[in-house]
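Heads up: the structure comes next, in structure tokens.
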Amino acid sequence: MKCADLTNDVSFHDSTLERVEQANDQIVLYLDTVAAQLSYIGLDSGNEYVVLDHVRVDCEGARTRKLEYWADTKAPIEHPEPERPIVEIMENDLEEGVLEISGFGPSSGWVVWQIEARRFGLRWSGETRYKKPKAEQDGAGQPATRSELK
């Protein structure tokens, strides 16, 4: 299994959260796949990106800072299944020790989950390289931006 610190060069867009483990001050997220710039795994990005398989996100010294479940557009309600907060992730952002992920929760609600942690690590067991679609290729061979991976 390979590992690295989590950065915003990794996109969880369209990732499935397979399970969550929480114990003491540790939160562990298990995802099917994530997308990343090739530079994230130490390779020249050019017009390619990599999909990392069987992903584990280790949140050390962690706690849930916010967990919102939106069944409509009026106001968040109590999450019906907090042990399974998100099913399909659409966005992620890591800023100043807070990982915010949002996406579809159980029963088709929209979820915003913020995890505050001392450290975020990423582990994966496989990777596949892909060419970026022509519309996203920059022609100059520069790495994709985070938004291009979404």
### Query
Put a dot 7 Å past each Cα toward the Cβ at Thr73 and Arg19; how far apart are the dots in nm?
3.8
### Query
Which FRET efficiency value, to the nearest 0.05, do you get for Glu88 and Cys3 by plugging their Cβ-Cβ distance into 1/(1 + (r/R0)^6) with R0 = 25 Å?
0.55
### Message
List the GluC sites (Glu not before Pro) within the stretch 1-106 that DSSP assigns to loop and that have no more than 14 neighbouring Cβ atoms inside 10 Å.
### Response
Glu78, Glu83, Glu96
### Candidate values [x] 0.97; [y] 1.20; [z] 1.07, label of the one derived for Cα Rg over 2.2 N^0.38 Å
[z]
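FYI, it's all coordinate maths here, none of it is from the lab. Every value quoted in this text rests on a predicted model; they were computed, and no experiment measured them. FYI the Cβ positions are ideal-geometry reconstructions off the backbone, even for glycines, and counts take in every protein chain you see.
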